[in-house]
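Q: My questions all concern the structure below.
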Amino acid sequence: MNLETLKLYCDIARLRSFSEGAALNRVSQSAASQAIQQLEAGLEVLLIDRSKRPFMLTPEGQRFYEGSRDLLDGFEKLRASVASSVGS
């Protein structure tokens, strides 16, 4: 699991679309679907209920989305903080 996969998951969850999330991350829809399946396998939990249209996040998927969003936001703040301290 890496930050790119978490960002992809968050974009797919936020947009409620594999194709739009994939496009935003410059990967194919197939690659995005496979990445989410691998994420689910690694976590041993279903994150997205694909039986509904549009798909829905499972309760675990919603919790994972919120935690991942917090993690990504924290990483961006840290990166900006470190970058702004260079040359200070």
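The values are calculated or read from the model by the stated rules, or taken from the named source; none is laboratory data. Owing to the predicted nature of the structure, the values given are computational and were not obtained by experimental measurement. Please note: Cβ atoms are built from the backbone with ideal geometry, for glycine as well, and neighbour counts cover all protein chains shown. Areas reflect the complete protein model, heavy atoms only, side chains present, ligands, DNA and RNA absent. Shrake-Rupley method; radii C 1.70, N 1.55, O 1.52, S 1.80 Å.
Q: With only Lys, Arg, Asp and Glu charged, each at its Cβ (+1 for the first two, -1 for the last two), find how big the charge dipole of region 46-85 is about the Cα centre; round to the nearest 20 debye. If you can, show how the numbers build up before the last one.
A: Details: 7 positive and 6 negative charges, 37 e Å.
It comes to approximately 180 debye.
Q: Consider all pairwise Cα distances in region 16-88 and report the whole-number % of them above 14 Å.
A: I get 71 percent for the Cα pairs in region 16-88 exceeding 14 Å.
Q: Using the per-residue mean of other Cβ atoms lying within 10 Å as a proxy for protection, in what order, highest first, do the peptides 12-22, 54-64, 37-47 fall?
A: Per-residue mean Cβ counts within 10 Å order the peptides as 12-22, 54-64, 37-47.
Q: Compute the accessible area per residue over region 3-88, keeping the other protein chains in place, probe 1.4 Å, unit Å².
A: Accessible surface, normalised per residue, equals 65 Å².
Q: Solvent-accessible area of Ser51, probe 1.4 Å, all protein chains present, reported in Å² to the nearest ten, please.
A: Spelled out: Ser51, probe radius 1.4 Å, area about 100 Å².
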